[in-house]
Amino acid sequence: MNQRGFTLVELLVSVTLMVIGVFAVVSMISVSMRSDMIANGIATKTGLAREVLEDITSRSTSDSVLITTALNQNYNFYTPHTLPGSSTQSQTTIQSATYTATYSVQINTPSSGVSQITASISGGSGGVVSMTSYKRVN
């Protein structure tokens, strides 16, 4: 007999392979979305760290912030000119994620007349991002 069509076994094998393929695609999409969320958080924190560093390094070389050692000070996003010292406004919210910024200034590091400024941003997803800059001071 020369019958056309598929047998039940062939149909079950093809459906099983199709289901396995769909699950693989759904899994890849889930992993991709999670990775995108982490990358977005890291990019946001990097931008915030640059903002903190630019604010501090743009100050006059005789500014007290640059010539006094200060470790793990809160950074105020809303009124950055209020440095140094702790601030109750050290958090900002971007795309429903809350970020906290701190900065440290170490004078005469790595050499005399140079201040090392480190900005650290935490919160959101993706861990802590820290950036360091140097500025020659008087």
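The values are calculated or read from the model by the stated rules, or taken from the named source; none is laboratory data. Predicted model, so just to flag it, every value in this text is computed and none were measured. Cβ coordinates were reconstructed from backbone atoms using ideal geometry, including for glycine residues, and neighbour counts include every protein chain displayed.
Conditions tested, residue by residue: (1) touching a helix residue (DSSP H, G or I) at 6+ places or on another chain (Cβ under 6 Å); (2) polar (S, T, N, Q); (3) part of a loop (DSSP other than H, G, I, E, B).
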residue: 6; (1), (2), (3): no, no, yes
residue: 9; (1), (2), (3): no, no, no
residue: 35; (1), (2), (3): no, yes, no
residue: 40; (1), (2), (3): no, yes, no
residue: 52; (1), (2), (3): no, no, no
residue: 62; (1), (2), (3): no, yes, yes
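Conditions tested, residue by residue: (1) farther than 15 Å from residue 135 by Cα; (2) not β-branched (Val, Ile, Thr).
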{"position": "9", "(1), (2)": "yes, no"}
{"position": "15", "(1), (2)": "yes, no"}
{"position": "26", "(1), (2)": "yes, no"}
{"position": "32", "(1), (2)": "yes, yes"}
{"position": "52", "(1), (2)": "no, no"}
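Just to be sure, is residue 36 surrounded by 10 or more Cβ atoms within 10 Å (Cβ to Cβ), out of contact with any Pro (no Cβ under 6 Å at 6 or more places or on another chain) and acidic (Asp, Glu)?
Considered against the rule, which asks whether it is surrounded by 10 or more Cβ atoms within 10 Å (Cβ to Cβ), out of contact with any Pro (no Cβ under 6 Å at 6 or more places or on another chain) and acidic (Asp, Glu), residue 36 comes out as yes.
Just name the residue that is nearest to residue 122 (Cα to Cα) out of those in the stretch 64-79 that are modelled with pLDDT of 85 or more and in a loop (DSSP other than H, G, I, E, B).
Out of the qualifying residues, it is 75.
Taking the stretch 80-109 on its own, how many of its residues are within 17 Å of residue 65 (Cα to Cα) and either modelled with pLDDT of 85 or more or in contact with a Leu (Cβ under 7 Å, 6 or more places away or on another chain) (or both)?
Adding up the residues that qualify gives 9.
State all residues of the stretch 112-125 that are buried (at least 19 other Cβ atoms within 10 Å of the Cβ), farther than 11 Å from residue 49 by Cβ and under 10 Å from the mean Cα position of the chain (by Cα); if no residue qualifies, say none.
123, 124
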